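Remarks on the structure that follows.
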């Protein structure tokens, strides 16, 4: 299936979003708490331990505070809910447009985009529940588009750091991003990109850091926080005692790190992230490069960057200690893309996505819905880690390489052609 119809798809999503905002009742969950938290800041409180709302203390980094302070004024102290919904509708449409661009540029099966229209839950998280996960993911998708398309490393890393400063889950993309930087840039430019990330974090948090550094670091980046068992979506099939145990968290962390390592060994290490590398290997394999139709190096690099970051995140999600309903935003749009480039049979790809969506659509979550969700994640893990040859999409399979011994030398001599 081609991609000429994607504008119609985006128009359909705009229409559906308008209908949701105008006719579906709003559900209050965290919006008032967000407004209460930033109100304390706007009234002069800089101690992160004292910023709180009805749902508890503020647990997000400082980027959240600045963005939602702006929303506080735009929505008349958070009371104009309809205005907030329109803001989130705009966020959703921009995110969906980014997703469409990624699917098209990566040449993923076009029909998978239609599947993204079918989730009632995902729209409710944006326009009816107004979660901050939505803002963080929009910034993340901006970062991925910039890194993959424009190869503007410093801008991409800045956008990535902005996303992290809204919510920490964006750190799940970090292993993939770090590998891309290390494989694409000389060491001093990698350090420069990391400095850009760090400077943003320090800059947005400076008032809090100067007032009470320890309070900010402990609350904004509380890595040891244990979520409430009542709201978990993915582990209702185990007892609460096991769920809150330290050992359970350690086992999940071990599986996460091991899976990232396996991904690096089986998939990421084979990918090329520089145009010069791709062009050199193809010239060694086939002789002179004969045009974009045969050897689209930009498309291959773009695809490798996008998939590496999305796979990194999905592995982190699969082994997350607790997933709440709003966390679906973290991976919903990228999961079909990631599975489509594995050798997992297409019916099993669909089964995995459907099982995961069922787990997030069921309310309240039960042992059964959690078990189905885990089964869906297990299928996804097998596809990503064990069925490791990139395939699928609308791109033809790459020809089997019969590289001569000097092919590697040719790649090593290729000068990286990257933009500042």
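If residue 60 satisfies every condition in (1) surrounded by 18 or more Cβ atoms within 10 Å (Cβ to Cβ); (2) in a helix (DSSP H, G or I); (3) under 24 Å from the mean Cα position of the chain (by Cα) but one, which is the exception?
Answer for residue 60: the failing condition is (2).
Out of all the residues in segment 180-201, which are in a helix (DSSP H, G or I) and touching a residue at least 40 places away in the same chain (Cβ under 8 Å)?
Let us first name the residues in segment 180-201 that are in a helix (DSSP H, G or I), namely 180-184, 187-201.
Of everything in segment 180-201, those that are in a helix (DSSP H, G or I) and touching a residue at least 40 places away in the same chain (Cβ under 8 Å) turn out to be 180, 183, 184, 193, 196, 197, 200, 201.
Could you look through segment 239-256, keep only residues that are within 16 Å of residue 370 (Cα to Cα) and without any contact (Cβ under 8 Å) to a residue 24 or more places away in the chain, and pick out the one that is surrounded by the most Cβ atoms within 10 Å (Cβ to Cβ)?
Once the filter is applied, the top-ranked residue is 240.
From (1) part of a helix (DSSP H, G or I); (2) within 30 Å of residue 119 (Cα to Cα); (3) under 24 Å from the mean Cα position of the chain (by Cα), pick out the condition that doesn't hold for residue 66.
Of everything listed in (1) part of a helix (DSSP H, G or I); (2) within 30 Å of residue 119 (Cα to Cα); (3) under 24 Å from the mean Cα position of the chain (by Cα), residue 66 misses just condition (2).
If you take just the helices (runs of 4 or more DSSP H) that sit entirely in segment 216-292, which of them hold at least 1 residues that are modelled with pLDDT of 85 or more, within 29 Å of residue 61 (Cα to Cα) and out of contact with any strand residue (DSSP E or B) (no Cβ under 6 Å at 6 or more places or on another chain)? Steps first, please.
Working: elements: 240-243, 246-266, 275-286.
The qualifying helices (runs of 4 or more DSSP H) are 240-243, 246-266.
State the number of residues belonging to segment 317-338 that are part of a helix (DSSP H, G or I) and farther than 11 Å from residue 377 by Cα. Step through it out loud before you land on a result.
The initial filter retains those residues of segment 317-338 that are part of a helix (DSSP H, G or I), namely 317-318, 325-330, 335-338.
With the extra rule that they be farther than 11 Å from residue 377 by Cα, the set shrinks to 325-330, 336-338.
The qualifying residues number 9.
Residue-wise test of (1) buried (at least 20 other Cβ atoms within 10 Å of the Cβ); (2) in contact (Cβ under 8 Å) with a residue 40 or more places away in the chain; (3) under 25 Å from residue 17 (Cα atoms).
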position	(1), (2), (3)
104	no, yes, yes
121	no, yes, yes
135	yes, yes, yes
155	no, no, no
160	yes, no, no
174	no, yes, no
178	no, no, no
203	no, no, no
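Consider residue 145 against the criteria (1) crowded, with 24+ Cβ neighbours inside 10 Å; (2) at pLDDT 95 or above; (3) under 20 Å from residue 303 (Cβ atoms): it satisfies all of them except one. Which criterion is unmet?
The single condition residue 145 does not satisfy is (1).
Please enumerate the residues belonging to segment 89-105 that are more than 18 Å from residue 331 (Cα to Cα) and at pLDDT 95 or above.
Across segment 89-105, the qualifying residues are 89, 90.
Inspect all residues belonging to segment 34-42 and state whether any of them is under 28 Å from residue 168 (Cβ atoms), part of a helix (DSSP H, G or I), in contact with a helix residue (DSSP H, G or I) (Cβ under 8 Å, 6 or more places away or on another chain) and modelled with pLDDT under 95. Quick ask: steps written out before the conclusion?
Taking segment 34-42 first, the residues under 28 Å from residue 168 (Cβ atoms) are 34-42.
Narrowing the set further to residues that are part of a helix (DSSP H, G or I) leaves 34-42.
Next cut, in contact with a helix residue (DSSP H, G or I) (Cβ under 8 Å, 6 or more places away or on another chain) only: 34-35, 37-42.
Remaining after also requiring modelled with pLDDT under 95: none.
No, segment 34-42 contains no residue that is under 28 Å from residue 168 (Cβ atoms), part of a helix (DSSP H, G or I), in contact with a helix residue (DSSP H, G or I) (Cβ under 8 Å, 6 or more places away or on another chain) and modelled with pLDDT under 95.
For segment 106-119, which positions are assigned to a helix (DSSP H, G or I) and surrounded by 23 or more Cβ atoms within 10 Å (Cβ to Cβ)? Write out each step before concluding.
First, pick out the residues of segment 106-119 that are assigned to a helix (DSSP H, G or I): 111-118.
Passing the criteria: only 113.
Would you be able to say whether some residue in segment 148-164 is modelled with pLDDT of 95 or more and closer than 30 Å to residue 370 by Cβ?
yes
The values are calculated or read from the model by the stated rules, or taken from the named source; none is laboratory data. If you're wondering where the values come from, they're calculated on a predicted model, not measured in any experiment. We place every Cβ from the backbone using ideal geometry, glycine too, and count neighbours over all the protein chains shown.
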